[in-house]
């Protein structure tokens, strides 16, 4: 009989081989496996947890591996990480069970001779990880989980007009924020929080001896190892955000992200749908956007009331703000230049009361199929799916408005797409910025005079966001920035950015 751990270790192998993103691979594996609902949740927890925490897991494992690291087979590494994750981050799994089950996985992956090796290494990790917890980081303390309770704290505000602290133009949804500058976060050592007033957002699990870098002397190295991020990204964020905000981001991106949905206004309203959920004993909290709901507890999306009827679409709070920023009206013809998987496309149709025309473009035929499928489930009309070639072929228009949700680094959604932190390389930003700039210009050239274009990313990197928008506004005549918004990760949802540009009449 197939076990949850066997499914998880197979998915980890496929993810490491870049056969797809974790969410897709887990769905495929669970569709083929005959597992109980509890085991299905366990598979998801294991896969996402190991991928998110692999940097930390390696830091805990390496002191106990006495052979050259390159000599350890990749699939054996998967088993070691799976066992170390359970020992370190899952208090409901007994230590002996985590070790014994990992040893048995050696047979499943075709490496029975590695049983003794796996057993010896994981027993040492089990001895290293204690049952004590603290609110302080340290070379002997692993970031464990968000503190309870965990309300998103307000972003610390910097007095005066220091770098990065300029207020953003307000939007109709009152979602503009003042973002604290780097100087307001720099005074304290990593995770201390006293100087900036942030405080510790989570708990740390004690180790029997120090194996991590000292957070006071090597804050970037500690952040990379303890919170499981590549060193280059740790250096980048620590320089920009300072230590306290990096700690908060680390806890946020290592926690399972909450489920948000957008209520389909064509079928129902948010309060009516909340009553339907309550009747099914499902709790949901309203977000700031009038269509947005957050679920405090885990739920299978397809098991929620109204899924088959198209009463909702899964869409994060920060993402649901983007289509609203375009200000569409019924009977508009709108270009959606990077449409897949269709969340923003279908939201545009809802905002136009299903009485508009949307040209939904993408270069990936499989991802474009998800746009069509979502339109069918939500009963959306007026969407034409257009497959683009790599070298262009964008419809000429003219369009009344355009949305360009560009390919990006995904650094605002590292909790949902955990493998991105390991796949992204620092030299990719130059290519991304060139592509993003070209797509924004393409969208602007196809919009009528007086029309709006919303540019959006799920990135928190300035060069992909404000940098692209400023360059395009400077280089194109008759284009002005009308509004923009930076979504801060964890306050209350994913990170990202949008800007609305207007063409002169």
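A few remarks follow.
- Scan of the range 462-494 for residues that are part of a loop (DSSP other than H, G, I, E, B), closer than 30 Å to residue 251 by Cα and without any contact (Cβ under 8 Å) to a residue 60 or more places away in the chain, ordered by number: 465
- When we screen 113, 95 for residues that are at pLDDT 95 or above, over 27 Å from residue 251 (Cα atoms) and not assigned by TED's automatic domain parsing to the domain that holds residue 232, the only hit is 113.
- Of all the criteria given as (1) out of contact with any helix residue (DSSP H, G or I) (no Cβ under 7 Å at 6 or more places or on another chain); (2) over 22 Å from residue 135 (Cα atoms); (3) not in a helix (DSSP H, G or I), the one not satisfied by residue 203 is (2).
- Output for the range 24-63, where each listed residue is more than 20 Å from residue 84 (Cα to Cα) and exposed (fewer than 15 other Cβ atoms within 10 Å of the Cβ): 24, 27, 28, 31, 32, 34, 36, 37, 38
- The single condition among (1) assigned to a helix (DSSP H, G or I); (2) in contact with a strand residue (DSSP E or B) (Cβ under 8 Å, 6 or more places away or on another chain) that residue 376 does not meet is (2).
- Matching helices (runs of 4 or more DSSP H) fully within the range 219-328 where at least 2 residues are touching a strand residue (DSSP E or B) at 6+ places or on another chain (Cβ under 9 Å): 219-227, 243-254, 270-279, 317-326
Table: residues versus (1) over 20 Å from the mean Cα position of the chain (by Cα); (2) surrounded by fewer than 23 Cβ atoms within 10 Å (Cβ to Cβ); (3) closer than 30 Å to residue 59 by Cβ.
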{"residue": "218", "(1), (2), (3)": "yes, yes, yes"}
{"residue": "234", "(1), (2), (3)": "no, no, yes"}
{"residue": "252", "(1), (2), (3)": "no, no, yes"}
{"residue": "270", "(1), (2), (3)": "yes, yes, no"}
{"residue": "295", "(1), (2), (3)": "no, yes, no"}
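- Some residue of the range 334-353 being over 27 Å from residue 393 (Cβ atoms) and assigned to a strand (DSSP E or B): no
- Check on residue 346, buried (at least 17 other Cβ atoms within 10 Å of the Cβ), within 16 Å of residue 447 (Cα to Cα) and in contact (Cβ under 8 Å) with a residue 12 or more places away in the chain: no
- Test: residue 499 is part of a strand (DSSP E or B), in contact with a helix residue (DSSP H, G or I) (Cβ under 6 Å, 6 or more places away or on another chain), modelled with pLDDT of 95 or more and over 22 Å from residue 392 (Cα atoms): yes
- Count of residues meeting criterion [within 18 Å of residue 207 (Cα to Cα) and either part of a helix (DSSP H, G or I) or without any contact (Cβ under 8 Å) to a residue 12 or more places away in the chain (or both)] in the range 33-79: 12
The values are calculated or read from the model by the stated rules, or taken from the named source; none is laboratory data. This is a predicted model, so every value here is computed, not measured. Glycine gets a Cβ as well: all are built from the backbone with ideal geometry, and neighbour counts include every protein chain shown.
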